[in-house]
Amino acid sequence: MSSSGVHLEKFVIPLEEIHAATKYFGIDNKLQIEGFSEIYRGQLSEHWQNRIAAFKRLRLGFYNEVEMMSRFNHENLIRLIGYCDEDNELIMVSEYAIHGSLDQHLQDTTKRRTLTWPQRLKICLGVAAGLNYLHSGHSEHNRVVHGDIKSASILLDENLEAKICSFGLAIFLDQNQQQVHPRAAHSTIYNDWAYNERGVPCIESDVYSFGWVLFEILSGMLAYGRRIGDDKRQSLSKLVELYDENKVDDFIDPYIRDHINTYSFHIIKDIATQCISFELTDRPTINMITTRIEEALHIQTHGVASASTIRSHQHESLESYLIPLKDIILATKNFDPNSRVGDGGFGMVYRGQLSKQWQNCTVAIKRLNYEGHQGKNEFLTEIKLISRFHHENIIPFVGYCDEENEMILVFEYASNGSLDHHLYDPNKRGNLTWARRLKICLGAARGLN
(Lines give C-alpha, C1' and ligand atoms only; values in the text may rest on other atoms or scores of the structure.)
Protein backbone atom coordinates (compact mmCIF):
# COMPACT_ATOMS: atom_id res chain seq x y z
CA MET A 1 0.00 0.00 0.00
CA SER A 2 1.16 3.58 -0.65
CA SER A 3 2.47 5.91 2.05
CA SER A 4 -1.03 7.34 2.33
CA GLY A 5 -2.42 3.93 3.29
CA VAL A 6 -3.76 5.17 6.61
CA HIS A 7 -5.76 7.83 4.82
CA LEU A 8 -7.16 5.25 2.40
CA GLU A 9 -8.14 2.63 4.99
CA LYS A 10 -11.64 4.08 5.39
CA PHE A 11 -12.28 3.39 1.69
CA VAL A 12 -11.49 -0.34 1.82
CA ILE A 13 -14.32 -2.60 0.59
CA PRO A 14 -14.00 -6.39 1.08
CA LEU A 15 -13.77 -8.50 -2.05
CA GLU A 16 -16.69 -10.58 -0.78
CA GLU A 17 -18.88 -7.45 -0.89
CA ILE A 18 -17.81 -6.73 -4.46
CA HIS A 19 -18.43 -10.32 -5.57
CA ALA A 20 -21.98 -10.10 -4.22
CA ALA A 21 -22.61 -6.73 -5.84
CA THR A 22 -21.38 -7.77 -9.29
CA LYS A 23 -22.56 -11.39 -9.11
CA TYR A 24 -18.95 -12.52 -9.30
CA PHE A 25 -18.27 -10.16 -12.24
CA GLY A 26 -21.08 -11.74 -14.20
CA ILE A 27 -21.35 -11.05 -17.89
CA ASP A 28 -24.74 -9.39 -17.41
CA ASN A 29 -23.14 -6.81 -15.11
CA LYS A 30 -20.27 -5.99 -17.44
CA LEU A 31 -20.43 -2.48 -18.87
CA GLN A 32 -17.31 -2.11 -20.98
CA ILE A 33 -13.58 -2.65 -21.34
CA GLU A 34 -11.58 0.57 -20.97
CA GLY A 35 -7.90 0.30 -21.84
CA PHE A 36 -6.43 -2.14 -19.36
CA SER A 37 -9.58 -2.22 -17.22
CA GLU A 38 -12.93 -3.96 -17.09
CA ILE A 39 -15.91 -2.04 -15.70
CA TYR A 40 -18.99 -3.60 -14.08
CA ARG A 41 -22.23 -2.30 -12.63
CA GLY A 42 -23.52 -3.55 -9.30
CA GLN A 43 -25.42 -2.73 -6.13
CA LEU A 44 -23.64 -2.63 -2.79
CA SER A 45 -25.20 -3.94 0.42
CA GLU A 46 -27.08 -2.01 3.07
CA HIS A 47 -23.77 -1.37 4.86
CA TRP A 48 -22.87 0.80 1.84
CA GLN A 49 -26.34 2.41 1.61
CA ASN A 50 -27.41 0.01 -1.17
CA ARG A 51 -25.63 2.27 -3.63
CA ILE A 52 -25.51 1.51 -7.35
CA ALA A 53 -21.84 1.68 -8.23
CA ALA A 54 -19.31 1.18 -11.01
CA PHE A 55 -16.61 -1.42 -10.31
CA LYS A 56 -13.36 -0.93 -12.23
CA ARG A 57 -10.90 -3.84 -12.28
CA LEU A 58 -7.61 -2.04 -12.80
CA ARG A 59 -4.20 -3.14 -13.95
CA LEU A 60 -2.21 0.09 -14.24
CA GLY A 61 -2.20 3.29 -12.15
CA PHE A 62 -4.46 1.81 -9.48
CA TYR A 63 -3.18 3.53 -6.36
CA ASN A 64 -2.56 6.80 -8.14
CA GLU A 65 -6.20 6.90 -9.25
CA VAL A 66 -7.57 5.86 -5.86
CA GLU A 67 -5.32 8.35 -4.06
CA MET A 68 -6.39 11.18 -6.35
CA MET A 69 -10.11 10.47 -6.21
CA SER A 70 -10.12 10.03 -2.43
CA ARG A 71 -9.12 13.69 -2.07
CA PHE A 72 -11.56 15.22 -4.55
CA ASN A 73 -14.94 16.66 -3.69
CA HIS A 74 -16.66 18.33 -6.62
CA GLU A 75 -19.97 17.76 -8.38
CA ASN A 76 -18.27 17.46 -11.79
CA LEU A 77 -15.71 14.86 -10.72
CA ILE A 78 -16.77 11.23 -10.36
CA ARG A 79 -16.80 10.32 -6.66
CA LEU A 80 -14.84 7.48 -5.10
CA ILE A 81 -16.87 5.08 -2.96
CA GLY A 82 -14.05 2.68 -2.10
CA TYR A 83 -11.50 0.19 -3.35
CA CYS A 84 -10.35 -3.40 -2.94
CA ASP A 85 -6.81 -4.84 -2.95
CA GLU A 86 -7.33 -8.48 -2.15
CA ASP A 87 -6.48 -11.87 -3.70
CA ASN A 88 -4.60 -10.24 -6.61
CA GLU A 89 -7.64 -8.09 -7.41
CA LEU A 90 -7.29 -4.30 -7.76
CA ILE A 91 -10.79 -2.85 -7.88
CA MET A 92 -11.91 0.75 -7.67
CA VAL A 93 -15.55 1.45 -6.75
CA SER A 94 -17.06 4.78 -7.78
CA GLU A 95 -20.45 6.40 -8.30
CA TYR A 96 -22.35 5.07 -11.30
CA ALA A 97 -23.14 7.41 -14.19
CA ILE A 98 -26.31 6.02 -15.72
CA HIS A 99 -25.84 7.60 -19.17
CA GLY A 100 -22.33 6.29 -19.72
CA SER A 101 -19.57 8.29 -21.37
CA LEU A 102 -19.65 11.19 -23.80
CA ASP A 103 -17.85 9.22 -26.51
CA GLN A 104 -20.58 6.54 -26.35
CA HIS A 105 -23.19 9.24 -26.96
CA LEU A 106 -21.28 10.66 -29.91
CA GLN A 107 -20.77 7.22 -31.49
CA ASP A 108 -24.39 6.15 -31.08
CA THR A 109 -26.52 7.99 -33.65
CA THR A 110 -29.68 7.53 -31.55
CA LYS A 111 -28.08 9.03 -28.44
CA ARG A 112 -26.30 11.77 -30.41
CA ARG A 113 -29.57 12.83 -31.97
CA THR A 114 -31.00 13.55 -28.49
CA LEU A 115 -28.07 15.79 -27.47
CA THR A 116 -29.26 19.30 -28.24
CA TRP A 117 -26.79 22.15 -28.64
CA PRO A 118 -27.71 23.70 -25.25
CA GLN A 119 -27.24 20.28 -23.60
CA ARG A 120 -23.84 19.91 -25.24
CA LEU A 121 -22.80 23.35 -24.02
CA LYS A 122 -23.94 22.49 -20.47
CA ILE A 123 -21.84 19.31 -20.61
CA CYS A 124 -18.85 21.44 -21.63
CA LEU A 125 -19.54 23.84 -18.75
CA GLY A 126 -19.52 20.87 -16.36
CA VAL A 127 -16.17 19.68 -17.69
CA ALA A 128 -14.77 23.21 -17.41
CA ALA A 129 -16.00 23.47 -13.81
CA GLY A 130 -14.32 20.16 -12.93
CA LEU A 131 -11.05 21.20 -14.58
CA ASN A 132 -11.17 24.57 -12.85
CA TYR A 133 -11.41 22.75 -9.51
CA LEU A 134 -8.39 20.61 -10.38
CA HIS A 135 -6.32 23.47 -11.78
CA SER A 136 -7.06 25.91 -8.96
CA GLY A 137 -5.72 23.77 -6.15
CA HIS A 138 -7.82 22.82 -3.15
CA SER A 139 -7.44 22.27 0.58
CA GLU A 140 -3.83 21.38 1.38
CA HIS A 141 -3.11 20.09 -2.10
CA ASN A 142 -1.47 21.71 -5.07
CA ARG A 143 -2.94 21.98 -8.52
CA VAL A 144 -3.70 18.82 -10.47
CA VAL A 145 -3.13 18.01 -14.12
CA HIS A 146 -5.65 15.40 -15.20
CA GLY A 147 -3.49 14.21 -18.08
CA ASP A 148 -6.15 12.18 -19.89
CA ILE A 149 -9.04 14.47 -20.81
CA LYS A 150 -11.06 12.98 -23.67
CA SER A 151 -14.70 12.21 -24.41
CA ALA A 152 -14.26 8.71 -22.91
CA SER A 153 -13.17 10.33 -19.62
CA ILE A 154 -16.39 12.34 -19.35
CA LEU A 155 -19.34 10.48 -17.84
CA LEU A 156 -22.96 11.67 -17.85
CA ASP A 157 -25.31 11.24 -14.91
CA GLU A 158 -29.11 11.00 -14.94
CA ASN A 159 -29.38 14.74 -15.68
CA LEU A 160 -26.64 14.61 -18.36
CA GLU A 161 -24.34 16.48 -15.99
CA ALA A 162 -20.67 15.93 -16.82
CA LYS A 163 -18.51 13.92 -14.42
CA ILE A 164 -14.77 13.70 -15.13
CA CYS A 165 -13.24 10.27 -14.45
CA SER A 166 -10.07 8.27 -15.32
CA PHE A 167 -7.44 9.78 -13.02
CA GLY A 168 -4.78 7.13 -13.60
CA LEU A 169 -2.41 9.65 -15.24
CA ALA A 170 -3.28 12.60 -12.97
CA ILE A 171 -0.39 14.44 -11.32
CA PHE A 172 -0.13 16.82 -8.37
CA LEU A 173 1.95 19.84 -9.37
CA ASP A 174 4.32 21.67 -7.09
CA GLN A 175 4.36 25.45 -7.26
CA ASN A 176 7.00 25.71 -9.99
CA GLN A 177 5.71 22.76 -12.08
CA GLN A 178 9.23 21.40 -12.46
CA GLN A 179 8.61 17.66 -12.14
CA VAL A 180 9.41 15.57 -15.17
CA HIS A 181 7.13 12.62 -15.84
CA PRO A 182 7.40 10.28 -18.80
CA ARG A 183 4.28 10.38 -20.92
CA ALA A 184 2.18 7.24 -21.19
CA ALA A 185 3.35 4.87 -23.92
CA HIS A 186 0.18 5.30 -25.94
CA SER A 187 -0.34 8.52 -27.87
CA THR A 188 -3.57 9.95 -29.25
CA ILE A 189 -4.72 13.17 -30.80
CA TYR A 190 -5.80 14.36 -27.34
CA ASN A 191 -2.19 14.31 -26.09
CA ASP A 192 -0.49 17.68 -26.02
CA TRP A 193 2.58 17.75 -28.27
CA ALA A 194 4.38 20.00 -25.75
CA TYR A 195 3.85 17.44 -22.98
CA ASN A 196 5.07 14.66 -25.25
CA GLU A 197 8.23 16.58 -26.17
CA ARG A 198 9.16 18.04 -22.78
CA GLY A 199 7.81 15.44 -20.40
CA VAL A 200 6.80 18.30 -18.09
CA PRO A 201 3.11 18.29 -17.12
CA CYS A 202 1.20 21.56 -17.11
CA ILE A 203 -2.42 22.58 -16.88
CA GLU A 204 -2.25 23.89 -20.46
CA SER A 205 -2.06 20.26 -21.57
CA ASP A 206 -5.56 19.65 -20.18
CA VAL A 207 -6.72 22.76 -22.05
CA TYR A 208 -5.30 21.29 -25.27
CA SER A 209 -7.19 18.03 -24.76
CA PHE A 210 -10.38 19.90 -23.84
CA GLY A 211 -10.11 21.78 -27.13
CA TRP A 212 -10.52 18.51 -29.02
CA VAL A 213 -13.54 17.62 -26.86
CA LEU A 214 -15.12 20.96 -27.85
CA PHE A 215 -14.54 20.11 -31.52
CA GLU A 216 -16.16 16.71 -30.94
CA ILE A 217 -19.19 18.38 -29.35
CA LEU A 218 -19.51 20.67 -32.38
CA SER A 219 -19.03 18.08 -35.08
CA GLY A 220 -20.47 14.92 -33.58
CA MET A 221 -17.23 13.18 -34.60
CA LEU A 222 -14.68 11.58 -32.30
CA ALA A 223 -11.22 13.09 -32.51
CA TYR A 224 -9.66 9.73 -33.36
CA GLY A 225 -12.26 8.58 -35.88
CA ARG A 226 -14.93 9.52 -38.37
CA ARG A 227 -18.57 10.39 -37.89
CA ILE A 228 -20.68 7.24 -37.84
CA GLY A 229 -22.89 7.06 -40.92
CA ASP A 230 -21.12 9.98 -42.60
CA ASP A 231 -20.10 9.52 -46.22
CA LYS A 232 -17.27 12.05 -45.87
CA ARG A 233 -13.94 10.37 -45.26
CA GLN A 234 -12.10 13.18 -43.48
CA SER A 235 -11.19 12.61 -39.84
CA LEU A 236 -12.02 15.36 -37.35
CA SER A 237 -8.37 16.42 -37.17
CA LYS A 238 -8.28 16.86 -40.96
CA LEU A 239 -11.57 18.74 -40.88
CA VAL A 240 -10.17 21.15 -38.27
CA GLU A 241 -6.98 21.60 -40.27
CA LEU A 242 -8.87 22.36 -43.50
CA TYR A 243 -11.69 24.32 -41.86
CA ASP A 244 -13.10 27.03 -44.10
CA GLU A 245 -15.64 29.70 -43.14
CA ASN A 246 -17.68 28.68 -46.17
CA LYS A 247 -17.97 25.08 -45.02
CA VAL A 248 -19.74 25.55 -41.70
CA ASP A 249 -22.45 23.05 -42.66
CA ASP A 250 -19.84 20.37 -43.30
CA PHE A 251 -18.33 20.96 -39.87
CA ILE A 252 -21.45 21.03 -37.67
CA ASP A 253 -23.06 17.79 -36.52
CA PRO A 254 -26.04 17.32 -38.90
CA TYR A 255 -28.29 16.56 -35.91
CA ILE A 256 -27.89 20.13 -34.57
CA ARG A 257 -27.14 21.95 -37.83
CA ASP A 258 -30.64 23.39 -38.23
CA HIS A 259 -30.92 24.45 -34.59
CA ILE A 260 -27.58 26.04 -33.74
CA ASN A 261 -27.17 29.81 -33.63
CA THR A 262 -24.34 30.89 -35.95
CA TYR A 263 -22.78 33.20 -33.38
CA SER A 264 -22.93 30.48 -30.74
CA PHE A 265 -21.19 28.09 -33.13
CA HIS A 266 -18.38 30.53 -33.92
CA ILE A 267 -17.73 31.25 -30.24
CA ILE A 268 -17.09 27.56 -29.50
CA LYS A 269 -15.17 26.99 -32.73
CA ASP A 270 -12.89 29.95 -31.95
CA ILE A 271 -12.20 28.99 -28.32
CA ALA A 272 -11.55 25.36 -29.33
CA THR A 273 -9.04 26.56 -31.93
CA GLN A 274 -7.23 28.60 -29.27
CA CYS A 275 -7.13 25.57 -26.96
CA ILE A 276 -5.17 23.45 -29.45
CA SER A 277 -2.67 26.19 -30.27
CA PHE A 278 0.95 25.02 -30.45
CA GLU A 279 1.98 27.96 -28.26
CA LEU A 280 1.20 27.38 -24.59
CA THR A 281 0.87 31.11 -23.98
CA ASP A 282 -1.85 31.37 -26.64
CA ARG A 283 -4.09 28.86 -24.91
CA PRO A 284 -6.94 30.28 -22.82
CA THR A 285 -7.38 29.57 -19.12
CA ILE A 286 -10.28 27.43 -17.96
CA ASN A 287 -11.96 30.58 -16.62
CA MET A 288 -11.74 32.17 -20.05
CA ILE A 289 -13.14 29.03 -21.67
CA THR A 290 -16.01 28.96 -19.15
CA THR A 291 -16.91 32.57 -19.92
CA ARG A 292 -17.00 31.89 -23.66
CA ILE A 293 -19.14 28.75 -23.27
CA GLU A 294 -21.57 30.65 -21.04
CA GLU A 295 -21.70 33.37 -23.69
CA ALA A 296 -22.46 30.81 -26.42
CA LEU A 297 -25.20 29.24 -24.27
CA HIS A 298 -26.71 32.63 -23.49
CA ILE A 299 -26.93 33.54 -27.16
CA GLN A 300 -28.33 30.13 -28.10
CA THR A 301 -31.02 29.96 -25.43
CA HIS A 302 -32.28 33.53 -25.83
CA GLY A 303 -32.75 33.19 -29.59
CA VAL A 304 -32.24 35.74 -32.33
CA ALA A 305 -35.75 37.17 -31.98
CA SER A 306 -35.45 38.08 -28.30
CA ALA A 307 -35.05 41.71 -27.35
CA SER A 308 -32.12 40.76 -25.14
CA THR A 309 -30.36 38.72 -27.81
CA ILE A 310 -26.97 39.92 -28.90
CA ARG A 311 -27.17 41.22 -32.37
CA SER A 312 -24.02 41.46 -34.43
CA HIS A 313 -22.69 44.45 -32.54
CA GLN A 314 -19.51 44.63 -34.53
CA HIS A 315 -21.51 45.42 -37.65
CA GLU A 316 -24.58 47.25 -36.30
CA SER A 317 -24.81 50.98 -35.65
CA LEU A 318 -26.31 52.48 -32.53
CA GLU A 319 -29.36 53.43 -34.57
CA SER A 320 -30.47 49.81 -34.47
CA TYR A 321 -31.06 50.27 -30.71
CA LEU A 322 -33.12 53.44 -30.97
CA ILE A 323 -36.55 53.28 -29.32
CA PRO A 324 -38.93 56.15 -30.17
CA LEU A 325 -39.95 58.36 -27.25
CA LYS A 326 -43.61 57.65 -28.00
CA ASP A 327 -42.99 53.95 -27.29
CA ILE A 328 -41.30 54.84 -23.99
CA ILE A 329 -44.19 57.10 -23.00
CA LEU A 330 -46.69 54.37 -23.87
CA ALA A 331 -44.75 51.74 -21.89
CA THR A 332 -44.53 53.92 -18.75
CA LYS A 333 -47.97 55.53 -19.09
CA ASN A 334 -46.24 58.86 -19.56
CA PHE A 335 -43.81 58.21 -16.70
CA ASP A 336 -46.59 57.45 -14.24
CA PRO A 337 -45.24 57.63 -10.66
CA ASN A 338 -46.90 54.24 -10.02
CA SER A 339 -44.54 52.75 -12.63
CA ARG A 340 -41.46 54.07 -10.85
CA VAL A 341 -39.31 51.34 -9.29
CA GLY A 342 -36.14 53.24 -8.41
CA ASP A 343 -34.39 56.56 -8.26
CA GLY A 344 -31.00 58.07 -7.58
CA GLY A 345 -28.58 60.76 -8.62
CA PHE A 346 -28.73 59.46 -12.20
CA GLY A 347 -32.49 59.95 -12.42
CA MET A 348 -35.62 57.80 -12.19
CA VAL A 349 -36.18 54.14 -13.16
CA TYR A 350 -39.59 52.95 -14.40
CA ARG A 351 -41.06 49.55 -15.13
CA GLY A 352 -42.89 49.20 -18.42
CA GLN A 353 -43.88 46.89 -21.22
CA LEU A 354 -42.81 47.70 -24.76
CA SER A 355 -45.04 47.16 -27.78
CA LYS A 356 -45.27 44.11 -30.01
CA GLN A 357 -42.49 45.54 -32.19
CA TRP A 358 -40.19 44.91 -29.20
CA GLN A 359 -41.63 41.46 -28.42
CA ASN A 360 -43.80 42.90 -25.61
CA CYS A 361 -40.66 42.85 -23.50
CA THR A 362 -40.96 43.92 -19.85
CA VAL A 363 -38.19 46.44 -19.28
CA ALA A 364 -36.57 48.80 -16.81
CA ILE A 365 -36.48 52.32 -18.26
CA LYS A 366 -33.78 54.57 -16.80
CA ARG A 367 -34.62 58.23 -17.38
CA LEU A 368 -31.38 60.13 -16.88
CA ASN A 369 -31.32 63.46 -15.12
CA TYR A 370 -30.27 66.03 -17.70
CA GLU A 371 -28.79 68.21 -14.96
CA GLY A 372 -26.80 65.34 -13.52
CA HIS A 373 -23.14 64.41 -14.00
CA GLN A 374 -23.71 62.72 -17.36
CA GLY A 375 -23.92 64.81 -20.53
CA LYS A 376 -24.70 63.81 -24.10
CA ASN A 377 -21.15 62.60 -24.88
CA GLU A 378 -21.00 60.42 -21.76
CA PHE A 379 -24.47 59.09 -22.55
CA LEU A 380 -23.47 57.98 -26.07
CA THR A 381 -20.19 56.54 -24.79
CA GLU A 382 -22.08 54.44 -22.25
CA ILE A 383 -24.42 53.11 -24.93
CA LYS A 384 -21.49 52.08 -27.15
CA LEU A 385 -20.03 50.18 -24.20
CA ILE A 386 -23.10 48.42 -22.81
CA SER A 387 -24.43 47.48 -26.25
CA ARG A 388 -21.43 45.18 -26.62
CA PHE A 389 -22.05 43.20 -23.42
CA HIS A 390 -23.62 39.77 -23.71
CA HIS A 391 -23.36 37.60 -20.65
CA GLU A 392 -25.96 35.91 -18.47
CA ASN A 393 -24.72 37.80 -15.39
CA ILE A 394 -24.89 41.27 -16.97
CA ILE A 395 -28.30 42.84 -17.35
CA PRO A 396 -29.19 42.74 -21.07
CA PHE A 397 -29.35 46.06 -22.88
CA VAL A 398 -32.52 46.51 -24.97
CA GLY A 399 -32.17 50.01 -26.41
CA TYR A 400 -32.13 53.75 -25.80
CA CYS A 401 -33.94 56.97 -26.57
CA ASP A 402 -32.29 60.30 -27.40
CA GLU A 403 -35.17 62.58 -28.30
CA GLU A 404 -36.64 65.91 -27.13
CA ASN A 405 -33.98 66.46 -24.46
CA GLU A 406 -34.60 62.98 -23.04
CA MET A 407 -31.70 60.56 -22.44
CA ILE A 408 -33.17 57.15 -21.66
CA LEU A 409 -31.58 53.70 -21.30
CA VAL A 410 -33.74 50.58 -21.56
CA PHE A 411 -32.74 47.25 -20.00
CA GLU A 412 -34.36 43.89 -19.46
CA TYR A 413 -36.39 44.02 -16.24
CA ALA A 414 -35.13 42.06 -13.22
CA SER A 415 -38.33 41.08 -11.38
CA ASN A 416 -36.68 40.57 -7.99
CA GLY A 417 -35.06 43.99 -7.86
CA SER A 418 -31.61 44.72 -6.49
CA LEU A 419 -29.52 42.98 -3.87
CA ASP A 420 -29.44 46.01 -1.57
CA HIS A 421 -33.25 46.01 -1.38
CA HIS A 422 -33.18 42.35 -0.32
CA LEU A 423 -30.58 43.02 2.36
CA TYR A 424 -32.45 46.09 3.64
CA ASP A 425 -35.87 44.37 3.85
CA PRO A 426 -35.96 41.89 6.80
CA ASN A 427 -38.59 39.73 5.08
CA LYS A 428 -36.65 39.47 1.84
CA ARG A 429 -33.37 39.02 3.69
CA GLY A 430 -34.86 36.06 5.54
CA ASN A 431 -35.41 34.30 2.20
CA LEU A 432 -31.75 34.63 1.23
CA THR A 433 -30.29 31.32 2.33
CA TRP A 434 -26.53 30.96 2.55
CA ALA A 435 -26.53 28.85 -0.63
CA ARG A 436 -28.48 31.56 -2.50
CA ARG A 437 -26.11 34.26 -1.27
CA LEU A 438 -23.12 32.30 -2.52
CA LYS A 439 -24.78 31.78 -5.91
CA ILE A 440 -25.45 35.53 -6.13
CA CYS A 441 -21.76 36.17 -5.41
CA LEU A 442 -20.75 33.63 -8.05
CA GLY A 443 -22.96 35.35 -10.60
CA ALA A 444 -21.48 38.75 -9.81
CA ALA A 445 -17.96 37.32 -10.03
CA ARG A 446 -18.67 35.80 -13.43
CA GLY A 447 -20.05 39.06 -14.74
CA LEU A 448 -16.99 40.93 -13.48
CA ASN A 449 -14.70 38.31 -14.94
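The values are calculated or read from the model by the stated rules, or taken from the named source; none is laboratory data. A quick note: this is a predicted structure, and the numbers were derived from the prediction, not measured. Every residue, glycine among them, receives a Cβ derived from its backbone with ideal geometry; neighbour counts consider all protein chains shown. Note: accessible area is taken over every heavy atom of the protein model, side chains too, but ligands, DNA and RNA are not part of it. Shrake-Rupley method; radii C 1.70, N 1.55, O 1.52, S 1.80 Å.
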Open item on the list: For Lys376, give me every one of the lysines with a C-alpha distance below 30 angstrom, ignoring sequence neighbours fewer than eight places off in its own chain.
Closed with: Lys326, Lys333, Lys356, Lys366, Lys384
Open item on the list: How large a share of the accessible area of the range 16-82, in percent, is made up of carbon and sulfur atoms when the probe is 1.4 Å and the other protein chains stay in place?
Closed with: 46 percent
Open item on the list: Order 379-386, 143-150, 392-399, 433-440 from most to least packed using the mean count of other Cβ atoms within 10 Å.
Closed with: 143-150, 392-399, 379-386, 433-440
Open item on the list: Quick check for you: which residues of the range 64-84 have the amide N under 17 Å from the point 7 Å beyond the Cα of Gln32 toward its beta carbon?
Closed with: 77-79
Task: Cβ-Cβ FRET estimate between Ile395 and His74, R0 fixed at 25 Å, reported to 0.05 - done: 0.25
TODO: Starting from the Cα-Cα distance between His99 and Tyr24, subtract it from 0.36 nm times their residue separation and give me the gain in nm to one decimal.
DONE: 24.7 nm
TODO: Calculate the spin-label point distance for Asn287 paired with Ile52, positioning each point 7 Å from the Cα along the beta-carbon direction, and give it in nanometres.
DONE: 3.8 nm
Task: Efficiency of FRET from Cβ geometry, Asn377 and Ser320, R₀ 22 Å, rounded to 0.05 - done: 0.60
Task: Heavy-atom surface of the range 324-408, accessible at 1.4 Å and reported per residue (Å²) - done: 59 Å²
Open item on the list: Need one number: nm distance between label points at Cys441 and Asn142, each 7 Å from Cα along Cα→Cβ, rounded to one decimal.
Closed with: 2.8 nm
Task: Net +/- balance of residues flanking Gly443 in space, Cβ distance below 12 Å, scoring K and R +1, D and E -1 - done: +2
Open item on the list: Quick check: pseudo-label points 7 Å beyond the Cα along Cα→Cβ at Ile329 and Thr273, how many nm apart are they?
Closed with: 4.9 nm
